[in-house]
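A.B. asks: I have a structure here, written as structure tokens, and I will follow up with some questions on it.
The values are calculated or read from the model by the stated rules, or taken from the named source; none is laboratory data. Treat the numbers as computed from the prediction; the structure is a model and nothing was measured. Because the Cβ atoms are built from the backbone with ideal geometry, glycine has one as well, and the counts that use them run over all protein chains shown. These accessible areas exclude ligands, DNA and RNA; they are computed on the full protein's heavy atoms, side chains included. Shrake-Rupley method; radii C 1.70, N 1.55, O 1.52, S 1.80 Å.
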Amino acid sequence: MTTTILAYDDGDIDTNRASNPHLSDIVSERYSRRQALFGGLSAMTTAAFGASLLAACGDDKDGAGRAPVVVTAGQDVSTTAGKRVTLTPQASDNAATTSFTQVGGPAVTTTTVGNAVSFVAPAVAAATPLVFEFSATLNGRTSSARSTVTVAPATLDFAAVTKNKNDIVTVPANYAVTILYRLGDPIAAGVSAYANDGRDTDFARRAGDHHDGMSYFGLAAAAAAPALSNTRGLLVMNHENITESYLHANGPTNLVTGGVRPEAEAIKEIEAHGVSVIEVNRAASGAWSYAQASALNRRITPNTDMVFNGPVRGNAALATVFSPDATRGRGTINNCANGEMPWNTYLTCEENWAGYFRRDTGDAARRTAKQNRSLARYGIAEGRAGNYLWASVVPAAAGDTRFARWNATAGTGAATQDFRNEPNQFGWVVEIDPYNAASTPRKRTALGRMNHEGCWIGRTVAGVKPAFYMGDDAQNEYIYKFVSNAAWSAADATAADRLAIGDKYLDAGTLYVAKFDADGTGRWLPLVFGQGPLTAANADFAFVDQADVLINTRIAADLLGATRMDRPEWTAVNPATGEMYCTLTNNSSRTAATADPANPRAYTDPKTDGRSAGRGNVNGHIVRLRENGDTTEATAFTWDVYVFGAGEDLPAANINLSSLSADNDFSSPDGLWFGAATNPSGQVNPLLWVQTDDGSYTDVTNNQMLAALPGRVGDGGARTVANDLGGATSSVATRIGAAPGARMKRFLVGPKECEITGITSTPDGESLFVNIQHPGENGGPSNITSSWPATQSGQQGTSRPRSSTIVITKVDGNGVVGL
């Protein structure tokens, strides 16, 4: 007899007598044939449900006794835009075929190595699922599994770099810095390595000095043709100026004391200015280098032949003994920022060109009042010797005018017998075809003559006339835009004759200057001969034609009443919204009385290193505008100040208006660039890079570069700024964008006494090129104040500093730089 004991069983009994397999049976049968997912789903769960659910319940063999293929697609993942994601699906070892397909979400480009599939998470405005399906076939039977990758909007996923005064480039953890292209590096076969002792020559075949604005142009694998290549390309960069003390063995001769400069020294200094075009390559290891012997390498210097295009071509005001017909010129100089055209050309911009010219006392008496007015407005006064005294050189070869051209003093004969008009040949935007080393650069006179900082094109829309945005970099100068007469055609982006496309868009159109109004709106005022005060009847300054307006762009803008800005420098256009940003570096002449809504601050900035306090708008700001109707053809806009530079400890009431912190405080914004539209850093909510050229905050930190994810014009509000500059006060109403907070972080701090300037990237955004200009600029051969870039690799000693291009990449290769 059997006794049964009744008790509460809590369901812990087995009443299923079927022969279907237990979970442990499935695991033991199948786990030996598969591996756990990357990142680690439970091995048991993966093995059991990844197979059992795909094979259905019950015995998973078919009628012929053949087992189905066992698959998993990879772990479900959460990530943010710009990050690299890798899915590692698995299938039975004896699977005949496998495939991996995206079945949901924004399409991405995948890379497959074996069964592993990787991609960069796309830019999104909100959390977005991407669904992928992995299928495998065995014995004629197919199984599949899915994995979901949820992508959140981009973030600045790095810890802010601490302010410092070290003699290296400091970047966040997980980033690497490679030195790519240094002052003096040879760019032709047979040119010796740079000794860096002041005795090197032949700078027409070496890297110039003071690396500045820069663009990357992808190269096809085995041709001099454009391509979206991330491993082969052309870097085109400006060489703005020189640190002459390091170029010569013992510093320059007769520069301080005056007198005749040696010809060899002057040639070296001249050739160290201009532009470089160099081929760069990324090896399979990930290492970048430049190709010294590439046929595409080229230096464009102040001695390179140029042609003039546009309304000023052939105008008598350009005529010189070198170019009596006023159609040709020699070279480009003091090239600061740049522009990258969608038809694959490079724009270089002539900034502080006026300082190179000599003009003797008494010259004014040989000129007209109008000519003297023009020269004065551009800063070429009587009694100037010229920055480097090049006009003093007595050349060895008779008839060599490479040095006399820098003397703008009028002779007693005609203008075609001297170089009195040489200053009119500078101050232009110059277009270069980087893919054709034999092409002649073209000066685009329709864009006006000024201290051109840069020239950036707005968004291109088929059938809409494109706009080109520019700043005139000097105190109290203006912001401009040029609107082409030609509507954009997408076919022009791939044209073979690239400079001819430049002719189409850059030689005819309307030049405008900006007027900022107190209510947050603004107007574009046309600089067109015959309109408003720009006529021959103007008693103040009688213009004779459109060429006259363009040669005297500043005077025309004065007469129209444009808004005087705090040194307009780089422009950048948000590729997603079309909004234009412009850095206003600083303005020591801004007073409480002259502060206005677009330039609202005037204050005293204290120093901690014994220097006198700064005055005016010491730390600068960034203004942005949105065209009415979001079209480049608009003649009106809305605006606000995106961010004000300031030290974190300065008063929020009138200086640190953007509430900057230790992670993002800065001074004197200069370089400005949005991520490329070919990768997530330039899509949806693009990444903005801000570079500084500062002498005010250097008591606290070296110059720096910040990354930001800005909002839109109008995302902040109205604010009244109470100015107090040495007892002089004013109250100014302005418009300020939302405080950047964690959406702006310091990404890089440079070496001693440098400027951070020039930035571009490969199309995928995974290699970022940055220029470090004039490290140790306050020193000389007997007083070396920086030894960068030698210090970047830990070298000690007293190596002379060299302006250089660096490449920044992620150590782990995990996606777009900055995100």
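A.B. asks: When you look at ALA491, is it open to solvent by 40 Å² or more (accessible area, probe 1.4 Å) and without any contact (Cβ under 8 Å) to a residue 24 or more places away in the chain, yes or no?
C.D. replies: It is true that ALA491 is open to solvent by 40 Å² or more (accessible area, probe 1.4 Å) and without any contact (Cβ under 8 Å) to a residue 24 or more places away in the chain.
A.B. asks: Quick one: count up the residues across segment 776-791 that are free of Cβ contacts under 8 Å to residues at least 40 places away in the same chain and surrounded by 18 or more Cβ atoms within 10 Å (Cβ to Cβ).
C.D. replies: 1
A.B. asks: Something else now. Hey, among the residues in segment 357-380 that are among the hydrophobic types (A, V, I, L, M, F, W, C) and open to solvent by 50 Å² or more (accessible area, probe 1.4 Å), which one's nearest to TYR478 (Cα to Cα)?
C.D. replies: Taking the candidates together, the pick is ALA376.
A.B. asks: Follow-up question, since we're still on this one. Could you list all residues from segment 246-261 that are more than 18 Å from ASN334 (Cβ to Cβ) and open to solvent by 20 Å² or more (accessible area, probe 1.4 Å)?
C.D. replies: Within segment 246-261, ALA249, ASN250, THR253, ASN254, VAL256, THR257, GLY258, GLY259, VAL260 qualify.
A.B. asks: Go through (1) open to solvent by 10 Å² or more (accessible area, probe 1.4 Å); (2) within 16 Å of ARG206 (Cβ to Cβ) one by one and return the number of the condition SER276 breaks.
C.D. replies: (1)
A.B. asks: Pull up segment 410-464, narrow it to residues that are open to solvent by 30 Å² or more (accessible area, probe 1.4 Å) and part of a strand (DSSP E or B), then point me to the one that is nearest to TRP353 (Cα to Cα).
C.D. replies: ARG442
A.B. asks: Within the bounds of segment 121-131, is there any residue that is part of a strand (DSSP E or B) and either under 21 Å from GLY818 (Cβ atoms) or aromatic (Phe, Trp, Tyr) (or both)?
C.D. replies: There is at least one residue in segment 121-131 that is part of a strand (DSSP E or B) and either under 21 Å from GLY818 (Cβ atoms) or aromatic (Phe, Trp, Tyr) (or both).
A.B. asks: So THR809 passes all but one of these: (1) within 15 Å of PHE158 (Cβ to Cβ); (2) assigned to a loop (DSSP other than H, G, I, E, B). Which condition number does it fail?
C.D. replies: The failed condition is (2).
A.B. asks: Take the residues in segment 605-628 that are part of a strand (DSSP E or B) and of a type in the set (A, V, I, L, M, F, W, C); name whichever of them is farthest from LEU688 (Cα to Cα).
C.D. replies: LEU625
A.B. asks: Sort out which residues of segment 755-771 are part of a strand (DSSP E or B) and either of a type in the set (Ser, Thr, Tyr) or under 13 Å from the mean Cα position of the chain (by Cα) (or both), and write them in order of number.
C.D. replies: Matches in segment 755-771: ILE756, THR757, GLY758, ILE759, THR760, SER761, LEU768, PHE769, VAL770, ASN771.
Here is a yes/no grid of residues against (1) open to solvent by 40 Å² or more (accessible area, probe 1.4 Å); (2) modelled with pLDDT of 95 or more; (3) in contact with a Pro (Cβ under 9 Å, 6 or more places away or on another chain):
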residue	(1), (2), (3)
MET565	no, yes, no
THR577	no, yes, yes
MET580	no, yes, no
THR585	no, yes, yes
ALA592	no, yes, no
ASP596	no, yes, no
THR604	yes, yes, no
ASP609	yes, no, no
ALA613	yes, no, yes
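A.B. asks: Mind checking which residues of segment 635-659 are touching a helix residue (DSSP H, G or I) at 6+ places or on another chain (Cβ under 9 Å), hydrophobic (A, V, I, L, M, F, W, C) and open to solvent by 10 Å² or more (accessible area, probe 1.4 Å)?
C.D. replies: ALA636
A.B. asks: Kindly indicate the residue of segment 518-527 that is in contact with a strand residue (DSSP E or B) (Cβ under 7 Å, 6 or more places away or on another chain) and not in a strand (DSSP E or B) and also surrounded by the most Cβ atoms within 10 Å (Cβ to Cβ) among those meeting that condition.
C.D. replies: If we take residues in segment 518-527 being in contact with a strand residue (DSSP E or B) (Cβ under 7 Å, 6 or more places away or on another chain) and not in a strand (DSSP E or B), then LEU527 is surrounded by the most Cβ atoms within 10 Å (Cβ to Cβ).
A.B. asks: So is GLU579 under 26 Å from the mean Cα position of the chain (by Cα) and under 27 Å from LEU318 (Cα atoms) or not?
C.D. replies: The answer is no for GLU579.
A.B. asks: Out of segment 187-235, which residues are among the aliphatic types (A, V, I, L, M), assigned to a strand (DSSP E or B) and over 21 Å from SER803 (Cα atoms)?
C.D. replies: If the condition is that a residue be among the aliphatic types (A, V, I, L, M), assigned to a strand (DSSP E or B) and over 21 Å from SER803 (Cα atoms), then LEU219 is the only one that fits.
A.B. asks: Working only within segment 545-569, note down all residues that are under 23 Å from PRO669 (Cβ atoms), assigned to a loop (DSSP other than H, G, I, E, B) and not β-branched (Val, Ile, Thr).
C.D. replies: ALA562, ARG564, ARG567
A.B. asks: Could I ask something else about it? Surrounded by fewer than 24 Cβ atoms within 10 Å (Cβ to Cβ) and in contact (Cβ under 8 Å) with a residue 60 or more places away in the chain: which single residue out of GLY813, GLY794 fits that description?
C.D. replies: Checking each option against the conditions leaves just GLY813.
A.B. asks: Name the strands (runs of 3 or more DSSP E) wholly inside segment 273-389 in which the number of residues that are aliphatic (A, V, I, L, M) and modelled with pLDDT of 95 or more is 1 or more.
C.D. replies: Those strands (runs of 3 or more DSSP E) span 274-282, 298-300, 305-309, 335-340, 346-350.
A.B. asks: Please specify each residue of segment 674-700 satisfying the condition of being touching a Ser or Thr at 6+ places or on another chain (Cβ under 8 Å), farther than 29 Å from ASP609 by Cα and open to solvent by 20 Å² or more (accessible area, probe 1.4 Å).
C.D. replies: The answer is ALA676, and nothing else.
A.B. asks: Being open to solvent by 30 Å² or more (accessible area, probe 1.4 Å) and in contact (Cβ under 8 Å) with a residue 40 or more places away in the chain, is that true of even one residue in segment 344-353?
C.D. replies: yes
A.B. asks: Checking the condition without any contact (Cβ under 8 Å) to a residue 24 or more places away in the chain, of a type outside the set (Asp, Glu) and over 28 Å from HIS210 (Cα atoms), which residue from ALA365, ALA317, ALA376 passes?
C.D. replies: Every option except ALA365 fails the conditions.
A.B. asks: In segment 207-229, how many residues are over 17 Å from the mean Cα position of the chain (by Cα) and polar (S, T, N, Q)?
C.D. replies: Qualifying residue count, segment 207-229: 1.
A.B. asks: Need pairs with beta-carbon distance below 9 Å; first residue within 16 Å of PRO680 (Cα to Cα) and within segment 122-148, second aromatic (Phe, Trp, Tyr) and in a strand (DSSP E or B); sequence gap 6+ or separate chains.
C.D. replies: What qualifies is LEU130/PHE119.
A.B. asks: Sticking with this structure for a sec: Any residue that is of a type in the set (D, E, K, R), part of a loop (DSSP other than H, G, I, E, B), surrounded by 17 or more Cβ atoms within 10 Å (Cβ to Cβ) and at pLDDT 90 or above - is there at least one of those in segment 74-94?
C.D. replies: yes
A.B. asks: On the given criteria, is LYS752 in a strand (DSSP E or B), among the basic types (Lys, Arg) and under 24 Å from THR809 (Cα atoms)?
C.D. replies: So LYS752 does not fit the description; no.
A.B. asks: For segment 524-561, which residues satisfy the criterion of being over 33 Å from the mean Cα position of the chain (by Cα) and hydroxyl-bearing (Ser, Thr, Tyr)?
C.D. replies: Across segment 524-561, the qualifying residue is only THR535.
A.B. asks: Only one of ALA738, ALA662 is over 14 Å from LYS163 (Cα atoms) and aliphatic (A, V, I, L, M). Can you tell me which?
C.D. replies: Answer to the check: ALA738.
A.B. asks: Still on this model: Considering only segment 168-198, state which residues are in contact with a Phe, Trp or Tyr (Cβ under 6 Å, 6 or more places away or on another chain) and open to solvent by 30 Å² or more (accessible area, probe 1.4 Å).
C.D. replies: Of everything in segment 168-198, just one residue is in contact with a Phe, Trp or Tyr (Cβ under 6 Å, 6 or more places away or on another chain) and open to solvent by 30 Å² or more (accessible area, probe 1.4 Å), namely THR178.
A.B. asks: When ALA514 is evaluated against the numbered criteria (1) out of contact with any strand residue (DSSP E or B) (no Cβ under 7 Å at 6 or more places or on another chain); (2) in a strand (DSSP E or B); (3) among the aliphatic types (A, V, I, L, M), which criterion, by number, is the only one it fails?
C.D. replies: Every condition holds for ALA514 apart from (1).
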